[in-house]
Amino acid sequence: MGDPPTDPAEKSEDAVPPPNVGTPAETLLDAVPYGIYSLDREGYLVAVNDALIDLTGYDRDTVLGEHISRFLDVEDVVRAETAIRDQILDGTQDAVHLSIPVVTRTGDTVPCKVCFSGLWRDGEFCGTVGVVREVESPDTAAEIQATGEHRQAFDALAEASADGIIMLDNDSVIRYANPAVERILGYPSEELVGGSKMQIIPERLRDVHAEALQRYLQTGEKHIDWTYVELPGLHKDGHEVPLAISLNEFTYDGEHYFVGTFRDISTRKDIERELKQQNERLDRFASMLAHELRNPLQIAQIYLDFVDDEDDDAPIGQIADALRRIDELIDVLLVLARNENEVGDREAVDLTKVVAEAWGNTDTGKAEVEVATNQTLRVNPAHLQQVLENLFRNAVEHSEGSVTVRVGTLDDGFYVEDTGPGIDESERTAVVEAGYTSDEGGTGLGLTFVAELADAYGWDFSITESTEGGARFEFRDVEFVADDAQ
């Protein structure tokens, strides 16, 4: 037996001819109480007796010319084909005995014992002949029946699966392929079964696959993750298909098999490439923006050096401080735009000191700030100052009158809260999205800026309610600096 040809009309010219109707030979076969059949070399039925017709419930004209897979499930077809293949390779003609369920016309399964052997002509394999006998022992029948039901369930699942499923033997010969394989790689199942797996592997990787298989069979060591690995498959039309593959192995009736399940991840790969291109464009834009902003900034700083300090010290100092803050803000924007894991130089920073500087740089009006912390953080001070300024500005802008802002310590971080109107629980996720604002003149970037910078540091950022009903912003997983380490 072998894999069925695409067209049943293409059956081998060496097929065993069926006995003539009404001949003594056929009469003798029909008199036998057990089912008897003969297959050509491709596994198509060329002769059956009455007992087998009665067992399966099919008409004789319907049965003849059908492939044996119509009456057996996939695993049993593979078992039978493997046994015949071994006979062909070894040159033996020993009978093969299998306990298998036979599928009837109604879809039921009958537990049977099957004994078959190859037919040879001039030393060439030309088909098989076998005897099918229904099992009478209740225990054995129940065992075979249960096995058949499990296999039918597997067959139904494999047929309906959106993932491709392929079963291989130790020689990389494909023993089973489900219908999804054709959708993913373009090969109908019947074109793959009996052939080498190499036909679905890109040529540039075939030697690697062959060496890896032999190395595993010899050593048992896996050199890739069998749970999940991404590799390309070769489509029938010649293009490569990116696949996500899971591998497994099992032994059945002393034979070792590999099973691979895979799915097409072309769409995901396209999205990844698009995101990578977008990130590259964003990085180029961020670099260009930083360059264009820093050019006039540097010019302003140069001209500032020519101003006579004795004319008016206060405005000059304010201008210099504003220019410095613009330069720091550019650095922060670059961190956020590039989503850098490394956020720059970190140092021990007194939280109380940075709170004072951030409050002084914010137009706070009648608002007041209370500090209940003496913690030292390891952070870039410019980044921490930008976070606090945005939170202070947010508290002041969303309070109709005076507001009190508090900064305090958590077990693993710090918080900033206010006595303002607070943020409704249903809006706490939305407020950190870019462009979200309840202020007609606002940009909707302040809290987005805070959340993104916290994420860049790996801090756990959350919004909740303060004790007075205002907004409370918590930062956890913050790196503290111990007193003896300063």
Given the conditions (1) of a type outside the set (A, V, I, L, M, F, W, C); (2) at pLDDT 90 or above; (3) under 21 Å from residue 364 (Cα atoms), which single one is not true for residue 411? (3)
I need the full set of residues from region 366-392 which are under 19 Å from residue 422 (Cα atoms) and surrounded by fewer than 18 Cβ atoms within 10 Å (Cβ to Cβ), in order please. 366, 368, 370
Exclusive hit being part of a helix (DSSP H, G or I), modelled with pLDDT of 85 or more and not acidic (Asp, Glu), set 355, 369, 416: 355
If you go through region 181-194 one residue at a time, do you hit one that is out of contact with any Lys or Arg (no Cβ under 7 Å at 6 or more places or on another chain) and more than 27 Å from residue 79 (Cα to Cα)? no
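Every residue, every condition in (1) surrounded by fewer than 11 Cβ atoms within 10 Å (Cβ to Cβ); (2) among the hydrophobic types (A, V, I, L, M, F, W, C); (3) modelled with pLDDT of 80 or more, yes or no:
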site	(1), (2), (3)
210	no, yes, yes
233	no, no, yes
245	no, yes, yes
284	yes, no, no
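Which residue out of 26, 75 is modelled with pLDDT under 80, closer than 30 Å to residue 257 by Cα, in a helix (DSSP H, G or I) and not hydrophobic (A, V, I, L, M, F, W, C)?
Being modelled with pLDDT under 80, closer than 30 Å to residue 257 by Cα, in a helix (DSSP H, G or I) and not hydrophobic (A, V, I, L, M, F, W, C) holds for just one of 26, 75, which is 75.
Condition test on residue 201, is it outside the structural domain of residue 69 (by TED's automatic domain parsing), surrounded by 16 or more Cβ atoms within 10 Å (Cβ to Cβ) and touching a residue at least 60 places away in the same chain (Cβ under 8 Å)? Explain how you work it out, then say what you get.
Values: outside the structural domain of residue 69 (by TED's automatic domain parsing): yes; surrounded by 16 or more Cβ atoms within 10 Å (Cβ to Cβ): yes; touching a residue at least 60 places away in the same chain (Cβ under 8 Å): no.
For residue 201, the condition - outside the structural domain of residue 69 (by TED's automatic domain parsing), surrounded by 16 or more Cβ atoms within 10 Å (Cβ to Cβ) and touching a residue at least 60 places away in the same chain (Cβ under 8 Å) - is not met.
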Can you go through 465, 452 and tell me which one is at pLDDT below 90 and not basic (Lys, Arg)? 452
Quick check: is even one residue across region 353-371 of a type outside the set (Ser, Thr, Tyr) and either outside the structural domain of residue 464 (by TED's automatic domain parsing) or touching a residue at least 60 places away in the same chain (Cβ under 8 Å) (or both)? no
Of the residues in region 250-279, those that are surrounded by 15 or more Cβ atoms within 10 Å (Cβ to Cβ) and closer than 21 Å to residue 196 by Cα come to 255, 257, 258, 259, 260, 261, 262, 263, 264
Just one of the numbered conditions (1) at pLDDT below 85; (2) buried (at least 21 other Cβ atoms within 10 Å of the Cβ) is not true of residue 363; which one? (2)
Which helices (runs of 4 or more DSSP H) does region 178-250 wholly contain that include 1 or more residues that are within 23 Å of the chain's Cα centre (by Cα)? 180-185, 206-219
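Residues checked against (1) modelled with pLDDT of 85 or more; (2) touching a helix residue (DSSP H, G or I) at 6+ places or on another chain (Cβ under 8 Å); (3) of a type outside the set (Phe, Trp, Tyr):
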| residue | (1), (2), (3) |
| --- | --- |
| 9 | no, no, yes |
| 35 | yes, yes, yes |
| 54 | yes, no, yes |
| 90 | no, no, yes |
All positions within region 456-484 that are under 37 Å from the mean Cα position of the chain (by Cα), over 27 Å from residue 403 (Cα atoms) and not charged (D, E, K, R): 456, 457, 458
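The values are calculated or read from the model by the stated rules, or taken from the named source; none is laboratory data. For clarity, every value in this text was computed on a predicted model and none was experimentally measured. Please note: Cβ atoms are built from the backbone with ideal geometry, for glycine as well, and neighbour counts cover all protein chains shown.
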